[in-house]
Amino acid sequence: MSERFGERTRSALSARGPLCVGVDPHAALLAAWGLTDDAHGVREFGLRTVEAAAGRVGFVKPQVSFFERFGSAGFAALEEVLAAARAADLLVIADAKRGDIGSTMDDYAKAWLTPGSSLEADALTVNPFLGVGALDGSFALAAEHGKGVFVLAATSNPEAAGIQRSITASDETVSAAIIGEVSARNAAASGTGEWGSFGFVVGATVDWAAAGLSPFGPVAPILAPGFGAQGATPADLRLRFGSMADAVIASESRSILSAGPADLATAITARAAEYLEVARA
């Protein structure tokens, strides 16, 4: 079996710091970069972003929807971007937010987490709101191949608060219950002292107390969108995540990508250094 994803993440965070570069080819960014709003444009955007990120950060996160909108040609472009990123020794998080039950969910996982698959990534974002147990096949496949999953737990969009902060029969929020259920699976699947490979998506602007969250164990990676354009900064890393800050993968996209292709590598280098300074303080 390959090295567990939790430990691969731990090593990447130690070596390169928390910054994860989102690969989000919005139509407006494509135009700003002088690229066409089609499959060719998103391919070029993705490959240039990967090239700029390689050797500067440990993680990239392609947002699948921006490729999927161009159908089969868009998926072909995404396949090239995923392969290029993994060849560049970046940990690749496919942001697809898949969620279903039974064999349907299992096959989603196979598409993204099977070695040799045309869509192979190192980790996949998944939706637990059909029940954490519906993801058990995905957890098993990830563990078998040294892959990771990031389970949506506490997102920063205001529409989610009513569901995610609802109180369960065990007198905890839905978000806290999700983290508890997944953490139990991490404890069963991880070695002593190892990080779990089943991580969580927790928005960088989420108020942990309001969401009913508290530090959890075993430690597992936290994918935190909301840095950059949504308001959180590197200086907020420890303020917002406290004792869990060392496990955070800080995702930024527009705030970095808006630098444009000519200045992207410079922007990534500068932002990564800001995060490293905070992480190692």
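The values are calculated or read from the model by the stated rules, or taken from the named source; none is laboratory data. All values derive from a computational prediction rather than experimental measurement. Cβ coordinates were reconstructed from backbone atoms using ideal geometry, including for glycine residues, and neighbour counts include every protein chain displayed.
Just so you know, in region 32-81 the residues that are touching a Cys at 6+ places or on another chain (Cβ under 8 Å) and of a type in the set (A, V, I, L, M) include one that is nearest to Ser11 (Cα to Cα), and it is Val57. Can you find a residue in region 188-195 that is within 19 Å of the chain's Cα centre (by Cα) and of a type outside the set (Gly, Ala, Ser)? The answer is yes, given that some residue of region 188-195 is within 19 Å of the chain's Cα centre (by Cα) and of a type outside the set (Gly, Ala, Ser).
For the residues Leu29, Leu13, Leu19, Leu78, the requirement of being in contact (Cβ under 8 Å) with a residue 40 or more places away in the chain and either more than 29 Å from Leu237 (Cβ to Cβ) or among the basic types (Lys, Arg) (or both) singles out Leu78.
Applying the set (1) of a type in the set (A, V, I, L, M); (2) modelled with pLDDT under 95; (3) in contact with a strand residue (DSSP E or B) (Cβ under 9 Å, 6 or more places away or on another chain); (4) under 15 Å from Leu13 (Cα atoms) to Val278 leaves exactly one unmet item: (3). Being more than 23 Å from Ile249 (Cβ to Cβ), in contact with a helix residue (DSSP H, G or I) (Cβ under 9 Å, 6 or more places away or on another chain) and either at pLDDT below 95 or in a helix (DSSP H, G or I) (or both) is a description that applies to Asp106.
Looking only at residues in region 239-257 that are of a type in the set (Gly, Ala, Ser) and in contact with a helix residue (DSSP H, G or I) (Cβ under 7 Å, 6 or more places away or on another chain), which one is surrounded by the fewest Cβ atoms within 10 Å (Cβ to Cβ)?
Keep residues of region 239-257 that are of a type in the set (Gly, Ala, Ser), which gives 242-243, 245, 247, 250-251, 253, 255.
Going one step further and asking which of them are in contact with a helix residue (DSSP H, G or I) (Cβ under 7 Å, 6 or more places away or on another chain), we end up with 245, 250.
Details: Ala245: 18, Ala250: 33.
Once the filter is applied, the top-ranked residue is Ala245.
Just wondering, is there one or more residues in region 72-85 that are outside any helix (DSSP H, G or I) and more than 24 Å from Thr266 (Cα to Cα)? So far as region 72-85 goes, no, none of its residues is outside any helix (DSSP H, G or I) and more than 24 Å from Thr266 (Cα to Cα).
Results for (1) assigned to a helix (DSSP H, G or I); (2) of a type in the set (A, V, I, L, M), shown as yes or no for each residue.
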residue	(1), (2)
Glu3	no, no
Gly6	yes, no
Ala12	yes, yes
Pro25	no, no
Thr36	no, no
Glu44	yes, no
Thr49	yes, no
Arg56	no, no
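Within region 45-67, residues that are modelled with pLDDT of 95 or more reach partners that are among the basic types (Lys, Arg) and not in a loop (DSSP other than H, G, I, E, B) with beta carbons closer than 6 Å, at six or more positions or on different chains, in the pairs Val57/Arg16; Gly58/Arg16.
Based on what the data block shows, is Ala224 more than 26 Å from Gly137 (Cα to Cα), touching a residue at least 24 places away in the same chain (Cβ under 8 Å) and in contact with a helix residue (DSSP H, G or I) (Cβ under 8 Å, 6 or more places away or on another chain)? Full working, then the answer.
On the way: more than 26 Å from Gly137 (Cα to Cα): no; touching a residue at least 24 places away in the same chain (Cβ under 8 Å): yes; in contact with a helix residue (DSSP H, G or I) (Cβ under 8 Å, 6 or more places away or on another chain): yes.
Criteria not met by Ala224.
Inclusion of Thr168 among residues that are within 25 Å of Asp207 (Cβ to Cβ) and under 16 Å from the mean Cα position of the chain (by Cα) is not warranted. Find all pairs meeting these conditions: Cβ atoms under 8 angstrom apart; at least six residues apart or on different chains; first residue within region 95-106 and closer than 23 Å to Lys61 by Cα; second residue charged (D, E, K, R). Correct list of pairs: Asp95/Lys61; Met105/Arg98. Only one of the numbered conditions (1) surrounded by fewer than 24 Cβ atoms within 10 Å (Cβ to Cβ); (2) under 27 Å from Leu237 (Cβ atoms); (3) of a type in the set (Val, Ile, Thr) is violated by Thr36, and that is (2). In the condition set (1) buried (at least 19 other Cβ atoms within 10 Å of the Cβ); (2) among the polar types (S, T, N, Q); (3) modelled with pLDDT of 95 or more, Ser156 is compliant with all but (3).
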